[in-house]
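Notes follow the structure.
The values are calculated or read from the model by the stated rules, or taken from the named source; none is laboratory data. All values derive from a computational prediction rather than experimental measurement. Glycine gets a Cβ as well: all are built from the backbone with ideal geometry, and neighbour counts include every protein chain shown. The area values use the complete protein model at the heavy-atom level, side chains included, leaving out ligands, DNA and RNA. Shrake-Rupley method; radii C 1.70, N 1.55, O 1.52, S 1.80 Å.
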Amino acid sequence: MKKNNLLLLSTFLLSFTCLFGQEINLSLREAVELALIQNPKIRQYEEKLQQKENENLSAWGNFLPSVNFDLSYTHLNDDMSINLDPIKQVIVQLNAGTQTQLQNLSNILSGKTPFSDQQKLIIQNQIAAQLNNQIPPFTETFKEQNYKTATISGIQPLFLGGKLISAKNYAASEKSSALFELERIRNEITCEAIDAYTKVALLKQVVITRKNVLDGMEKHREDAKRIFDQGLIANYHLLRAEVAVAEAERNLINDKNNLALAINNLNTVLGIEQFSSTEITDTLKFNSFDDSLASYQKIAEANQPILKMIKMKMDEANSNKWIARSSFLPQIFAFGKYEMYPEYLSSLEPRWAVGVQMRFNIFNGFKDYLKLQNADYLENEVRFIEQDVKRKINLWVNKSFLDAENSKIRFQKLVATEDLANENLRQNEKRFLSGLGTSLEVIDARLSLEKVEIDRLLSLYEYYHSLSDLYLAIGTTEEFFKVWKN
């Protein structure tokens, strides 16, 4: 629901700006939400996540049977047949000889003259000729010259040594890893948007400070000219006031250009380059955070997406090891086939068949053993990567926390310095107007105040920059807004 609301907000903002070409006002929260929708890098990793989700779903297909339909038409050089005529001739001759002997024996028993050898041969040939005509040819065609086949076949894996489960676990880990990677990119874009937004807020206030300094310098120049016209100060003091005004104008123009560049950078981060102008509504205001370093380190261990990704890589390495180990176990499949054109089958071919097959590799050149060793090495590699990354993230959290603390202390300690600079400027202006001070003292006092004000703004910007980097380090950039509260 929240994502849909953000999408509607983004669409409205884009449409409004495209139609009217006017500036749009954004708070820091709105800017970050817009960046999370518009930024093309997030879209890239969202597409990658979709790929991994589909691969995870496809891994379930390994558990289901594979069913194929094969259709073919074949033309042979000749019919495939078997010629058993020699066997037929032997049978005919044996039968003819037997019948001739029986007739000769019948003549002898009835008192007739026995057949001579010539007569036996003639009678045997006559009987053989009759049998040849009565017995069909011993030639059988079992496959015609032109035939077609249409076969439905299926294979169902029953046991592959755990390879299917490991492959499914691997795909699930890849999906989770892509999800955590998207979370990491979203955190980085959030931090980038916060930095770009606060930089614009900083430069807006710097420009205001520069404008106040320019106004003060111009007022001082007017005072100096008036006093010079009265003959109370030398021309040098008036010239020094003129130079101070010129420097203030140059600094103002320079920071205005920096502000325009920062706004363009913000638009790029938000993915809204077509906006004619973007106006921010939040300003840099100090809000303190109170959590301890130990609590941030604990949160980082539980929420940092990089550590979650490494854990998924460890699971993938473990699944890869199981896949390598499955090569040492037998593979068992159930299979079946059914022929849809039985009229083209020979007497030696069945119309359907089912069965179970086992395949067990005995030797393949130690490749399976080496793959299993590599799987062990991969597990160790990921384990060492995890140790190294944990140390670096711990250092990252420490540095960001201390940077934020230092910026906070510097910002707070500059309050007294700013009060002193204000009082110093007030006293020097009063002395100058009464003729007891110099123009240089007034200018130096105003420049000192300007430096302190800009240093406080820079400290405040660095404070929020370090704070957003700290929340990026612990993997919970959303918590930044609990401190921001603008």
For 414, 94, the accessible-area ranking with a 1.4 Å probe, largest leading, is 94, 414
If the convex hull is drawn through the Cα atoms of the chain, its volume per residue in Å³ | 272 Å³
From a point 7 Å beyond the Cα of residue 98 in the direction of its Cβ, which residues of the range 130-144 have a backbone N at a distance under 14 Å?
-> 131
Student exercise, the range 238-277 dipole from Lys, Arg, Asp, Glu Cβ charges, in Debye to nearest 20 = 40 debye
Which of 246, 234, 265, positive extreme of dipole for the range 234-303 (C-beta unit charges) | 234
Table column - 3J(HN,Hα) (Hz), the range 436-444, Karplus curve with 6.51, -1.76, 1.60, x for Gly and Pro = 9, x, 10, 5, 4, 5, 5, 5, 4
If you take the charge dipole of the chain about its Cα centre, with +1 on Lys and Arg Cβ and -1 on Asp and Glu Cβ, which of 213, 295, 84 is farthest toward its positive end?
-> 84
Residue list for the range 307-331, given a label point 7 angstrom along the Cα-to-Cβ vector of residue 390 and an amide N cut-off under 18 Å | 307-318
In nm², the average projected area of the convex hull spanned by the Cα atoms of the range 42-182 is 18.2 nm²
For the chain, which whole percent of the accessible surface, found with a 1.4 angstrom probe, sits on carbon and sulfur atoms?
-> 56 percent
Starting from one equal scatterer on each C-alpha and no solvent at all, send me the Debye-based log10 I(q)/I(0) for the range 173-253 at q = 0.19, 0.24 Å⁻¹, two decimals.
-> -0.83, -1.01
One quarter of the C-alpha convex hull surface, i.e. the mean projected area of the range 292-332 in nm², amounts to 3.8 nm²
Please report how far the C-alpha centroid of the range 311-327 lies from that of the range 238-284, rounded to the nearest whole angstrom.
-> 55 Å
Backbone HN-Hα couplings from phi across the range 165-171 [Karplus 6.51/-1.76/1.60, Hz, Gly and Pro as x] | 5, 5, 5, 5, 5, 4, 5
Between beta-carbons, use under 11 Å as the cut-off and find the net charge around residue 442, counting Lys and Arg +1, Asp and Glu -1.
-> +3
Send over a whole-number figure in Å² for the accessible area per residue of the chain, probe 1.4 Å.
-> 58 Å²
Using 7 Å Cα-to-Cβ label points, what is the residue 359/residue 434 separation (nm, one decimal)?
-> 10.3 nm
Kirkwood hydrodynamic radius of the range 202-334 from all distinct Cα pairs, in Å?
-> 22.0 Å
Pairs over 26 Å Cα to Cα, from 163/390; 175/399; 48/168, come to 163/390; 175/399
Describe numerically, in nm with one decimal, the distance between label points set 7 Å from Cα along Cα→Cβ at residue 142 and at residue 422.
-> 11.0 nm
If you stretched the chain out fully between residue 260 and residue 301, how much longer would it get, using 0.36 nm times the residue separation minus the C-alpha to C-alpha distance?
-> 10.8 nm
Find how many whole Å separate the alpha carbon centroid of the range 396-423 from the alpha carbon centroid of the range 119-169.
-> 95 Å
How far is helix 28-38 tilted off the main Cα axis of the chain, in degrees rounded to 10, range 0 to 90?
-> 30 degrees
Taking Cα pairs closer than 8 Å and at least 6 residues apart, the relative contact order of the chain in percent is 23 percent
In order through the range 53-70: 3J(HN,Hα) via Karplus (6.51 cos²θ - 1.76 cosθ + 1.60), integer Hz, x for Gly, Pro = 5, 5, 5, 5, 5, 5, 5, 5, x, 5, 7, 9, x, 9, 10, 10, 10, 10
Total charge of the residues flanking residue 79 in space, meaning their Cβ is under 9 Å from its Cβ, with Lys and Arg +1 and Asp and Glu -1, is -1
Search the structure for amide H atoms under 5 Å from the amide H of residue 27, placed 1.01 Å from N in the peptide plane, and list their residues when 5 or more places away or on another chain.
-> 281
Given 56, 153, 178, which one lies farthest toward the positive end of the charge dipole of the chain, if we put +1 on the Cβ of every Lys and Arg and -1 on the Cβ of every Asp and Glu?
-> 153
Which three semi-axes in whole Å describe the equivalent ellipsoid of the range 346-425, each the square root of 5 times a Cα gyration tensor eigenvalue, listed largest first?
-> 75, 20, 8
What does the highest-first list of 31-43, 362-374, 378-390 look like by mean Cβ count within 10 Å?
-> 31-43, 378-390, 362-374
Please list 322-332, 65-75 highest first by mean number of surrounding beta-carbon atoms within 10 Å per residue.
-> 322-332, 65-75
Net charge of Cβ neighbours under 12 Å - reference residue 220; Lys, Arg +1; Asp, Glu -1 = -2
Hey, can you rank 144-155, 202-213 by average C-beta count inside 10 Å, highest first?
-> 202-213, 144-155
Residue 292: accessible area at probe 1.4 Å, nearest 10 Å²?
-> 60 Å²
